[in-house]
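Input: a single structure, listed below in C-alpha cells.
The values are calculated or read from the model by the stated rules, or taken from the named source; none is laboratory data. Nothing here was measured: the structure is a model prediction, and the numbers come from that model. Note that each Cβ is placed from the backbone with ideal geometry, even for glycine, and that neighbours are counted across all protein chains shown.
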Amino acid sequence: MSRSAHPAGPRHADVLPEGHYAAPPADLNTLDPRVWSRTVTRAADGAAEVGGLDVRALAEEFGTPAYILDEADFRARCRAWRAAFGHDADVFYAGKAFLSRAVVKWLNEEGLNLDVCSGTELAVALDAGMPAERIALHGNNKSYAEIERAVSAGVGRIVLDSFQEIARVAAEAARQGKRQRVQIRVTVGVEAHTHEFIATAHEDQKFGLALAGGQAAEAVRRVLKLESLELAGIHSHIGSQIFDMAGFEVAARRVVSLLAEVRDEHGVELPEIDLGGGLGIAYTSDDDPREPQEIAKALGEIVTRECEAARLAVPRLSVEPGRAIVGPTAFTLYEVGTVKPLEGLRTYVSVDGGMSDNIRTALYDAEYTVALVSRTSDAEPMLSRVVGKHCESGDIVVKDAFLPADLAPGDLLAVPATGAYCRAMASNYNHALRPPVVAVADGAARVIVRRETEDDLLRLDVG
Ligand SMILES: Cc1ncc(COP(=O)(O)O)c(C=O)c1O
C-alpha cells in the first residue's frame, strides 16, 4: 500500500467553492458529530472507529466500497422519533430510503410502523415480520398485483393517488370480501426543499390529487360512497431535506380545511392526517436539522391550532421520516485508487465506487463531506473532488472537498450521511457490483445486505 506524499493540490481563486467548502476547515482530522453517526470516533492511532470497530479492519474483512451502518444510532433515532410523537401519533419509517430485513426487525422492535411504495418493499416487510396492520402502501401507479397483495395481506392503509386507483382498490377489496382502510394523498400547493418552501402552483407533478380545483374533494366523495373502502384520513407529503417548518404549517392548514369541508358536506370527521416525511439531515456541517422533539411539538401545535379554529376534533397524526432516521446512521467506505492534481484547478481523487453507489450528487447536485479515515494527517489541505470509477464525467461523489495533500492510493475515505437513498438507489452501471451494507454494534459487525457478485449479474443475463 503506497503512502508516498505528493505536493499539495492547486488552489485557484476562480474555482474555490462556495458554502461549506469555501475555505478549508481548521482541522481536517475532526469528524463533526453533526454529520457522522453517533458512535464514530478517532482511535488513539488516528484511524476512525464505528461501533467500537476500526474502519481498516472493516475494509479488510468486508472490502470496499461498503456502506457501514451504525445500528445503535439507527435504533436511537427510531426511539427518539417514537418518544417525540408519543402514543397519540404514529411514526411510519419510509422504507424507500433504505429497506432490508434487519431494518424491518429493528423498526418492529422499536415500535415504528413502515411505509412501503412497491409490492417488493411490501414483500420484504412481511417476510421480516412487520405486522401488516402497521404497513402503509404508497405509489402513484400501484399495479393490480400490488393492490391484490396489499389487500390480502391486510395492510393498515393504502394511500390512494388517483381516481382510477380508488376504483381498483375498491374492486379488489370487494372481491376479497374486505373493507380496506385508505387515505387519500392530496397535493396542497406547497413544495418544500431544504431551507425553502414555495406555496403556489406546485400541483404540477405526478403525485396525489389536487386540493385546488377540487380533485381531492371529489376523491373523498367517491371513496365515501364505496362500501369496500374505509376512509381513514388525508395524506400530504411536501418535499425533501426540509429544515423550515413553514411548509408543513401551510400544508397542515390546507389539509385541515379539507377535513372541515368534508365534515360540512358529508357530516363525517375523518380520524387521521399524515403529513409525510421530508425532514432534513446534516450532510455537511452547515446543515442544522431540527430534532424529532422539536418537529413533533411544531407539527402537533400546528394541527391542534388549525383543528380548533375549524372546530374539529384533533385527528390522529402520522409522519413518514425516511432520511431523518437512516440517513445519518451510515457512511460509505472507499479506497483511494488514484490522485490526480490538475494545475490551477483541483485534485481529482478517484475511489473504487461512485455514482453506482451514490447517485445523489449527480442527480440532485447533493452536497457531501468526506474524510480520510484510515489515519490522520497534518498535511496541507488540498482542494479535491472525489470521483468514482465509472465512465461518466458526472460520476462525482463529493464535488468540493478539502483532503490532506499527502493523500495516496490505498488510503481509506469515508463519506458520511449515506444511509438514505444511496444503497436504495444503487445501480449496476458499468456492471458495478452493488456494495454490501454492514451493520456494526457493540464491537461486532455483520453483513445485512451482501455485496453483489459477478455470479449474481451473470445469472440475470440469460444469454
Ligand atoms: C409519501 C412519502 N413519504 C415519505 C417520504 C420520505 O421522505 P424522507 O426520506 O425525505 O423523509 C417520501 C419521499 O419521497 C414520500 O414520497
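Some points to look at:
- Between Asp274, Asp244, the distinction of being of a type in the set (D, E, K, R), buried (at least 21 other Cβ atoms within 10 Å of the Cβ) and in contact with a strand residue (DSSP E or B) (Cβ under 9 Å, 6 or more places away or on another chain) belongs to Asp274 only.
- Sole residue being at pLDDT below 95 and either within 16 Å of the ligand (Cβ to nearest atom) or assigned by TED's automatic domain parsing to the domain that holds Pro315 (or both), chosen from Ala216, Ala260, Ala192, Ala232: Ala192
- Residue check for Gly247: within 13 Å of the ligand (Cβ to nearest atom), touching a residue at least 12 places away in the same chain (Cβ under 8 Å) and either assigned to a loop (DSSP other than H, G, I, E, B) or of a type in the set (S, T, N, Q) (or both): no
- Glu148 falls short on exactly one of the conditions (1) farther than 30 Å from Ser257 by Cα; (2) exposed (fewer than 15 other Cβ atoms within 10 Å of the Cβ), and that condition is (2).
- Some residue of the stretch 87-102 being away from the ligand (no atom under 14 Å from the Cβ), within 29 Å of Ala298 (Cβ to Cβ), modelled with pLDDT of 95 or more and not in a helix (DSSP H, G or I): yes
- Qualifying residues in the stretch 295-338 (those that are within 16 Å of the ligand (Cβ to nearest atom) and among the small types (Gly, Ala, Ser)) - the one farthest from the chain's Cα centre (by Cα): Ala298
- The one condition in (1) crowded, with 21+ Cβ neighbours inside 10 Å; (2) within 16 Å of the ligand (Cβ to nearest atom); (3) free of Cβ contacts under 8 Å to residues at least 60 places away in the same chain that Gly280 fails to fulfil: (3)
- Filtering the stretch 154-199 to residues that are more than 17 Å from Gly278 (Cα to Cα), among the small types (Gly, Ala, Ser) and surrounded by 18 or more Cβ atoms within 10 Å (Cβ to Cβ) leaves Gly156, Ser162, Ala170, Ala173.
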